[in-house]
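Have a look at the structure below, then the notes.
The values are calculated or read from the model by the stated rules, or taken from the named source; none is laboratory data. Note that this is a predicted model, so its numbers are computed, not measured. Here the Cβ is made from the backbone with ideal geometry for all residues, glycine too, and neighbour counts use every protein chain on show. Side chains included, ligands, DNA and RNA excluded: accessible areas come from the protein's heavy atoms. Shrake-Rupley method; radii C 1.70, N 1.55, O 1.52, S 1.80 Å.
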Amino acid sequence: MTQQENQHDVVVIGAGMAGHCAAIEAARRGASVLLLEKTALYGGSTRMCGGAFAFAGTEVQRRNEIPDSAQLLEQDLLEAGKHRNDKALVHVYAERQYETYEWLQAMGLRFDKVSLSGSQSVPRNHSIDPVLVLETLHAQALVAGVAYRAGAHVERLLTEGEGDARRVIGVVLKDGERIGARGGVVIATGGFSRAPDLVERFAPHLREARPMGGHGNTGDGLRMAWALGADLIDLGYVKGTFGAPVAEPAPGKEEVAPRLVSAMYRGAIIVNRAGRRFVNESVSYKTIGDRCLEQPELLGFQVFDQRVMDQSSPLPTVADYKGALDAGLVKQADSLEALAAALGIDAAALRETVDAYNRACDGAEPDAFGRTSLSTGYGKPTRVETGPFYGLACTTGLTSTYCGLHIDVDARVLDVYKRPIEGLYATGEVMGGFHGETYMSGSSLAKGCIFGRLAAQHAVARAAA
Ligand SMILES: Cc1cc2nc3c(=O)[nH]c(=O)nc-3n(C[C@H](O)[C@H](O)[C@H](O)COP(=O)(O)OP(=O)(O)OC[C@H]3O[C@@H](n4cnc5c(N)ncnc54)[C@H](O)[C@@H]3O)c2cc1C
């Protein structure tokens, strides 16, 4: 390969949701783009995720008479983040989310189902098969002229100049190959859930959480930019996600079994091995994840009745209770006592817990944990009473890390003095600042798309300047 062939306008590192969106945007603007993926198969965490996108003001919400707006979504994001998010980044999401929804729909992707999830004050998770999204994006990237290379492990960034004049001019692969980027390098390498050293350093409280992100998500992009003095933020807020089933899927069901189950937002309660609740189940699954790690054996058992099972749907996958039952993750029994025996939890205590919970549902007494809704103020909790009963043992998974490189509204990576590092951009799970203290469900996928496209726009303009 000649030196000229190894020069591109924009180089994108990491081919998940965020990297694909950045690459497509840059290529559609006429730039020469190289998308590099470390593993053999593109997709990262995006490939294994629940496929829920948080959008507001959509047709499907209107059809279902769900009153939502960009303003309400923005407010929910800030509330979820306990107002410790970077407000400018949140505002960009709120402003651009609807256009992002249309951008994806224009590729033929359809968001026909909307549901309620963590930290949402109205149902706004628009679900779709994430593999379909990836395959569509990948095909669009190739059509737009993006050059794609799998098995291309970027190890570090190439820079030129010293001090204030230093800028990023390309990347170096693990085998030493150098690749130039005239306009900029976009880091879209995902989180670090598969990097035990970074988990130990930044989130030691999660060392027992089950690593669940993409296998290539070892924090490489974070390290590369950190080496150049990038500002790192939100590291103290990394949280696990409650709802990782403990049982192994039955043979042959490994690929179809849901990786996470959250029946609590449809009415399940969560108890520990002693049969006692330990959390208000309507709060964010991140907060529930923290509480779960305080329980014996790090376990929380979701317990629900037929009324909840009847709300099962294949998408979002977290609500695929029938799929989880079919894969052997969920136990079924005709009585609560039999369910307790099947799950190995204290039957008498479970009965007491359910009776008290049902009295609170009827308004006869206050709920022991203050639960008054299904999720974040939306929907009324329902009695656990209609057999058969269902339950599954879950723990906290480290699905995503949602912290890292501090970026500005153009997705430029900032250094520790809050100055942009010339030629360096970040998007997706590797970026920090957006979520703040905790996470609103469905906001990671769209965030990667929004900031990836902004990064691309800036880098393309830089290449042309
Ligand atoms: C089980 C599960 C369920 C989830 N459900 C949802 C959901 O429903 N909605 C939602 O919004 N979010 C969800 N998330 C989170 C969401 O999936 C991720 O945050 C998001 O997909 C991250 O996208 P990304 O493009 O930033 O990173 P990824 O999709 O992880 O892609 C990063 C890519 O970069 C590659 N890479 C890493 N290092 C290098 C390197 N050095 N050189 C080259 N390539 C490299 C990786 O191999 C990977 O392919 C879920 C996560 C999990 C694990």
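Worth a mention:
- Sparsely packed loop sites in the stretch 102-152 (the trypsin sites (Lys or Arg not before Pro) outside DSSP H, G, I, E and B with at most 16 other Cβ atoms within 10 Å) comprise ARG110.
- Database remark: amide H of GLY423 closer than 5 angstrom to the amide H of VAL168 (H placed geometrically; neighbours at sequence offset of 5 or more, or on other chains; Pro and chain starts carry no H).
- Computed [θ] at 222 nm, helices only, for the chain once each DSSP H run of length n ≥ 4 contributes -39500 (n - 2.57): -9000 deg cm²/dmol
- Unsatisfied cross-links (Cα-Cα over 31 Å) in the set LYS82/LYS253; LYS113/LYS447; LYS113/LYS174; LYS38/LYS331; LYS253/LYS380: LYS82/LYS253; LYS113/LYS174; LYS38/LYS331; LYS253/LYS380
- The H on the amide N of LEU374, modeled in the peptide plane, is under 5 Å from the matching H of GLY379, LYS380, each at least 5 residues off or on a different chain.
- If the convex hull is drawn through the Cα atoms of the stretch 209-290, its volume per residue in Å³: 136
- Convex hull volume per residue in cubic angstrom - Cα atoms of the stretch 152-266: 177
- Mean projection of the Cα convex hull over all viewing directions, computed for the stretch 1-134: 9.9 nm².
- Compared with the dominant Cα axis of the chain, that is its longest principal axis, helix 17-28 is turned about 40°.
- P(r) for the stretch 310-465, from all Cα pairs and a bin width of 10 Å, is 9, 24, 25, 17, 14, 9, 2, 0 %, short bins first.
- The convex hull drawn around the Cα atoms of the stretch 79-189, when projected onto a plane and averaged over every direction, covers 10.6 nm².
- Computed from the Cα positions only, the extents of the stretch 241-398 along the three principal axes stand at 46, 30, 30 Å, in decreasing order.
- Each distinct pair of alpha carbons in the chain adds a 1/r term; the inverse of their mean, the Kirkwood radius, is 22.6 Å.
- Centroid-to-centroid separation of the stretch 399-448 and the stretch 219-235 [C-alpha atoms, Å]: 10
- Contour excess over end-to-end distance, with Cα ends at ARG63 and ARG149 and 0.36 nm allotted per residue: 26.8 nm
- Taking the accessible area of the chain, probe 1.4 Å, and keeping the other protein chains in place, the carbon and sulfur fraction comes to 51%.
- Per residue, the accessible area of the chain comes to 38 Å² when a 1.4 Å probe rolls over the protein heavy atoms.
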